[in-house]
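Chemist: This is the structure I want to talk about, given as C-alpha cells.
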C-alpha cells in the first residue's frame, strides 16, 4: 500500500474500489475514477482529494493506488508469431548474455515463449497462461501481464539461465511493437468507449480523425484510428496512436496538451485529451492577424511553448515535429504543445526513418535522421518566426526543393515585418549551424520570460 510520504499535492491516484461517503466531508467515487490529491490530513489513512468532475472531499488511502505511466504497456520485445529457429537466428546474430525476446508459442496456442541468450545458446521458456492465476513460467510465481513477468526476471534470474538484461526489439520500418491493454488498465489510463459521447468531427490528424466529445461532463478531443489487427488476449498492435498515448502518460505540464485516457476495444484505438477550444496556433494567427493578435499575445505564445519544451528537455524527450500547427490554444489563451506521435526519449544511437517537415527540421537531422533537443531548438526558431509573421509559411519565395541547399549555404530567414530585434536575435541563436552552439530551452525560457515582463 502506498504511503502519504509519496503522495504530495497534485499526485494522481486511481480508485481500486467503489466508495460511498459516510459523512458530508467524504468524497464518493467509483472504481476506476481518477482523483488528484490536494493535501494530507492529520490521519495518515485519509487524504483530501479532488475528483475529475470538480468535487472535493476526504478519501481513504486503502481504496486508492497511485496512477502509473503507460510505459509498461508497450512491449517492443514482443515478436509475435515467429518460430523457434527464427528466434535463435535473431538472438545469435550478435550473441550477448541476457538478451531476450518473447514470441507466441508454436506448440501451445495461447501461451508464449521467453527466449533468452546465454553462453552463445538460446534457452526457450514456456510462459503458461492460466485463466484465474495469470502468466507463469515455474507455476510458482504468477503475473498479470507479460510486462510484469519480464520486469521480474530483469531484476532476478529466479531459475532462468541468466537475468534478463536487454531486450531485442522487433525490427521493421512499419513495426511499432505490441501493447498490452491490461497494463494500461492497471495504471489507470484505460477508458471505456461507452463513457465517451462523440459530438462532431473537428479535424483530421496525421493518424486518424479528431472529434469533439464529452467525457465525465467535460469537452474532450478524441483521436481515432481503426486497427486492421484485432486484439489477441489483451495484446494489440502498437500503432502510432498507441505510441503517442504511451509517451503522454509520463508527461504532465501546464503547457503540454494533457492526456486523459486511452480506449482500446475490438481493433478500435482512441486517445482522449483535453479539448483546446481555439484550435492550432497557426490557424489562430492566420485567422486573426495583426488587427487582433497583440505583441503581448505573441510573447505569451512563445513563452508558453518554450516552457512546455523546457519540460520535455528536462525529461530527455525529443518532440521531433515542433511547429505552430502542433501547438494548440486553450479557451483562456494558453499555448500547449501537442502531437507527440513522433516524440521519443532521446537516443543518439537510434536513427529515425520516415518523412520529416523539411522547413522545420534542422539540417543535420535531415542528413542523419538523428534528433535531439538541439534539433527541437532549431524547430522552435522556425516556430518563433511563424508567430511573428502571423502564421506565414517559412521560407517564402524559396521552392521547397531548394530550402535545404539554401540553408546549407548559410541562408537564414530575415526577421518578419515588425518583429522585435530581441526576438530575431533568439531566432538566429536557435538556427546556429553547430547544434552544440544552440541554446537550451531552459536558457531560452529565461530570455522570453524577461521579454514577457517588458512587453505591455
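Each value in this text was obtained by applying a stated rule to the coordinates, not by laboratory testing. On a predicted model such as this, the values are computed, not experimentally measured, just so you know. Neighbour counts are summed over all protein chains in view; Cβ atoms, including those assigned to glycine, are modelled from backbone coordinates with ideal geometry.
Chemist: How many nm is it between the label spots at residue 283 and residue 93, if each spot is 7 Å from the Cα in line with the beta carbon?
Modeler: Taking the two extended label points, one gets 4.3 nm.
Chemist: Report the full-extension gain for the segment residue 21 to residue 214: residue separation times 0.36 nm, less the Cα-Cα distance, to one decimal in nm.
Modeler: Between residue 21 and residue 214, full extension yields an extra 66.9 nm.
Chemist: Run the quick spin-label model on residue 294 and residue 55: label points 7 Å from Cα toward the beta carbon, then report their separation in nm to one decimal.
Modeler: If labels sit at residue 294 and residue 55, their model points lie 4.0 nm apart.
Chemist: Kindly identify region 10-68 as rounded, prolate or oblate by the Cα gyration tensor criterion: order the square roots of the eigenvalues as a ≥ b ≥ c, call it rounded if a/c is under 1.5, otherwise compare a/b with b/c, prolate if a/b is larger, else oblate.
Modeler: Working: a/c = 1.28, a/b = 1.10, b/c = 1.16.
Because its axes are fairly even, with a/c under 1.5, region 10-68 counts as rounded.
Chemist: Quick check: the angle from helix 281-292's long axis to the longest principal axis of the chain, C-alpha only, nearest 10 degrees?
Modeler: 30 degrees
Chemist: Can I ask one more? Starting from 0 in steps of 10 Å, tell me what percent of the Cα-Cα pairs of the chain lands in each bin.
Modeler: Pairs per bin, as whole percents: 4, 18, 25, 25, 18, 8, 2, 0.
Chemist: Provide 273, 456, 294 in ascending order of the number of other Cβ atoms located within 10 Å of each residue's Cβ, fewest first.
Modeler: 456, 294, 273
Chemist: Here's another thing I want to ask about it. Taking Cα atoms, how many degrees apart are the long axis of helix 373-388 and the longest axis of the chain, rounded to 10 and kept between 0 and 90?
Modeler: 40 degrees
Chemist: Moving on. Say R0 is 22 Å: what FRET efficiency, to the nearest 0.05, do residue 398 and residue 433 get from their beta-carbon distance?
Modeler: FRET efficiency, residue 398 to residue 433: 0.75.
Chemist: While we're here: According to a simple spin-label model (label point 7 Å from Cα along Cα-to-Cβ), what is the distance in nm between residue 111 and residue 62?
Modeler: So the two model labels end up 3.9 nm from each other.
Chemist: Assuming 0.36 nm per residue, please report the length gained on full extension of the stretch residue 45 to residue 142 beyond their Cα-Cα distance. Don't skip to the answer; put the middle values down first.
Modeler: Details: separation 97, 0.36 × 97 = 34.92 nm, distance 2.94 nm.
Residue separation times 0.36 nm, minus the Cα-Cα distance, leaves 32.0 nm.
Chemist: Please find the FRET efficiency linking residue 450 to residue 84, where r is the Cβ-Cβ separation and R0 is fixed at 60 Å, and quote it to the nearest 0.05.
Modeler: Computed FRET efficiency for residue 450 and residue 84: 0.45.
Chemist: Separate question: Which FRET efficiency, nearest 0.05, do residue 358 and residue 12 yield, Cβ-Cβ r, R0 35 Å?
Modeler: Details: r = 39 Å, r/R0 = 1.11.
The formula returns an efficiency of 0.35 here.
Chemist: For the Cα atoms of the chain, what angle does the longest principal axis make with the long axis of helix 441-454, in degrees from 0 to 90, nearest 10?
Modeler: Roughly 40 degrees between the two axes.
Chemist: Also, quick follow-up: By how many nm would the segment from residue 252 to residue 198 grow when fully extended, if each residue of separation counts as 0.36 nm and the alpha-carbon distance is taken off?
Modeler: 16.9 nm
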